[in-house]
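What follows is a single structure, written as structure tokens, with notes after it.
The values are calculated or read from the model by the stated rules, or taken from the named source; none is laboratory data. All of these numbers come straight from a predicted model, not from anything done at the bench. Just the protein is used for accessible areas: all its heavy atoms, side chains included, with ligands, DNA and RNA removed. Shrake-Rupley method; radii C 1.70, N 1.55, O 1.52, S 1.80 Å.
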Amino acid sequence: MYLAARASELASSIVDAFWRFLALFTANGSSMPWSGGLTAFNQPVTTVDGAAAVPVDVLRLARQASFGPTPQLVARITELGIPGWIDEQFRVRGSTYADLVKWVPNDYCSADRTIVNCWQNNFTRVPVAARFYADAALAPDQLRQRVAFALSQILVISGNGVNSTSGIAAYQQLLLDGAFGNYRDLLGKVTMHGSMGWYLSMADSSRSAPSENYAREMLQLFTMGPMQLSADGTPVFAGNGALVPNYGPDDIKGLSRALTGWTYAKGGGRTDWAGNDYSQPMVVRPVNWAYDTQAKAFLGATVPAGAAPADSVRIALDAAFNNPSTPPRLAKLLIQHLVKSNPSPAYVTRIGAVFVDNGAGVRGDLKAVVRAILLDPEARGDEPRGGGFGKVREPVLAMMALVRASGLQTDGAAMTMRDTALGQPVFQAPSVFNFYPPDYPLPRSSGLVSPASKLFSAGGTVTLHNLLYDWSIGGNANRGDWNFNNSLNNTSSSANTVPLWSGWEAIAADPDRLVAVINLLMLNNTATETQKQALRNAALSITNSNAQLQARRRTQALLYIAATSPNFLVDR
């Protein structure tokens, strides 16, 4: 109701100003709206005036390296400093899928039809996605999770093809564990994982009919890409102006032959198809006609006749990993996921150089790469550096940023009920090409790209706004999607998402304090004085004889206004 009552004012002072985009905004350095270090957002806030100002760059890092700012996170980054917090994050653990890796035979549900929600709990991505959301909301290892999430969209498997909860969980655990490891090691584990063997058909590929699927996508998507790149990520052109390919059909054929001879590990003593264990590395197929023992050539490398299957895989992956196009391509992809959609060639060059050599002669050190990405001049500073700065928040990141800022406690089940409609059901991409391409063009721009914008059709935008409305203005404890019992293993049996509005109610008793907190957690401390006044006016327009209810509704309204603004939906 308040939106209708204040439509004119909001249109002139909030909507119009916000939709001029962030280039018009100033960083005002609003005061930190809490004293000391809060351990939970539902503790009382005592002061705004006189508290230490939070640099915009601290808030920028919280957006880039986590699933959204919280009071605790901002306080910790401020305490340790940006490099110190990043280094701490390399040591912190908390998120896990390991307990979801529980093999069952593939005929498990048909053998026992009394098991409640059997298929969803054992043969879909849903339990794994719920754990992803719960950890994204609450677990302390935020940077590891953000990098693993980026890797899950580069090294894609999907519940559309892999119907194994255990397999999906084990694969995502592999990415979590390898997020700060070596990319070559990770590529090897990805290649041999049973779920990848299923998804891209490397499992049971034989010399009589070698599958080219994994070989092609490993080159096209997981390493060098189809066209040669310069060190700065720009394409290489031949003398006639044509793009120069990185590989051809013969390379794919040779690679596919090198990747033959593998099959699924078996579980539970089963040797038939029902025993396939998609959570384990593949094993050599125990038949002498499965592996191609002949000599193979690809990408300038050779596999000698008689080489063991493991040696064939090693030579194949080394050739792709060591290709000159692999460092700039992966550097750019990780920058796009963490910092900005349009990194400058110089930015890509700097990060690609770290991929080539971490300073100790090691190639592929992801920890060094991530650190360099987040500390680069184009990522840091209270004002964005370089051209084409910023990126649109993909739907999952927008949803989780609201969850974290508002202080929801969740087991993640509610998010799995909404993410499909958002066009981004976690761990169920429509294809190996992810939910969106990295080169999706930004409309009405001069050659800029905006990958996540692929998900923001008119319908997709409305769906996201509906969710932001439901979980802010409509965010009361009796919400159906927060309380629905979908019988997921390892989740609550009653309320699966619980709002903690008491802390916000204490804040909202003072409209200026409420605006300060909203500006800090939701708007990156970038709201202008005009915008802050408009937020204050919107809050004051909501009245109720119950002071607690009035404070809650004011909070919910301002969360919605902020969450649907470019300050929130665009990371800069």
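Take the alpha-carbon positions of segment 377-503, form their convex hull, and give its projected area averaged over all directions (one quarter of the hull surface) in nm².
Seen from a random direction, the Cα hull of segment 377-503 projects 10.6 nm² on average.
Mind running the shape call on segment 471-516? Use the C-alpha gyration tensor, a ≥ b ≥ c as the square roots of the eigenvalues: rounded below 1.5 for a/c, prolate if a/b tops b/c, oblate otherwise.
Note, shape of segment 471-516 comes out prolate.
Leaving ligands, DNA and RNA out of it, report the carbon-plus-sulfur percent of the accessible area of segment 211-299 at a 1.4 Å probe.
Ligands and nucleic acids excluded, carbon and sulfur give 57 percent.
Take the cross-link list LYS189/LYS340; LYS391/LYS532; LYS332/LYS367; LYS102/LYS189; LYS340/LYS367 and give me the ones stretching past 22 Å between alpha-carbons.
Exceeds cut-off: LYS189/LYS340; LYS391/LYS532.
Show me, for segment 357-370, the HN-Hα J-couplings you get by feeding each phi into the Karplus relation (A = 6.51, B = -1.76, C = 1.60, θ = phi - 60°), rounded to Hz, glycine and proline as x.
Computed from phi, the couplings for segment 357-370 are 8, 6, x, 10, x, 9, 8, x, 6, 5, 4, 5, 5, 5 Hz.
Name the shape class, rounded, prolate or oblate, that the alpha-carbon gyration tensor gives for segment 174-231, where a ≥ b ≥ c are the square roots of its eigenvalues, rounded holds for a/c under 1.5, and otherwise prolate holds if a/b is larger than b/c and oblate otherwise.
Since a/c reaches 1.5 but b/c is at least a/b, the shape of segment 174-231 is classed as oblate.
Return the carbon/sulfur percentage of the accessible area of segment 309-403, one whole number, probe 1.4 Å, all protein chains in place. Don't skip to the end; give the middle numbers.
On the way: 1600 of 2840 Å².
Answer for segment 309-403: carbon and sulfur cover 56 percent of the accessible area.
When the distances between all Cα atoms of segment 363-419 are binned every 5 Å from zero, what whole-number percent does each bin get?
With 5 Å bins starting at 0, P(r) equals 4, 14, 16, 14, 16, 16, 14, 6, 0.
If you split all Cα-Cα distances of the chain into 20 Å bins from zero, what percentages do you get per bin, shortest first?
Spelled out per bin, shortest first, that is 20, 51, 25, 4, 0.
Need one value: the accessible area of TYR440 in square angstrom, 1.4 angstrom probe, rounded to the nearest 10.
Its accessible surface works out to 70 Å², give or take rounding.
For all pairs of alpha-carbon atoms in segment 77-149, what percent lies in each bin of width 10 Å, listed from the first bin to the last filled one?
The percentages, shortest bin first, are 17, 36, 22, 15, 8, 2.
Taking a ≥ b ≥ c as the square roots of the Cα gyration tensor eigenvalues, with a/c under 1.5 meaning rounded and otherwise prolate when a/b beats b/c, else oblate, which class fits segment 424-572?
Taking the square roots of the gyration eigenvalues as a ≥ b ≥ c, segment 424-572 is oblate.
Between 0 and 90 degrees, rounded to the nearest ten: what's the tilt of helix 345-356 against the longest Cα principal axis of the chain?
That helix lies at roughly 50 degrees to the long axis.
With no solvent and one point per C-alpha, what does the Debye sum give as log10 I(q)/I(0) for segment 310-430 at q = 0.15, 0.19 Å⁻¹?
Taking Cα atoms of segment 310-430 as identical point scatterers yields -0.87, -1.04.
Ignoring ligands, DNA and RNA, what accessible area per residue does segment 133-268 give at 1.4 Å, in Å²?
On the way: 4040 Å² over 136 residues.
Here the residues of segment 133-268 average 30 Å² of exposed surface.
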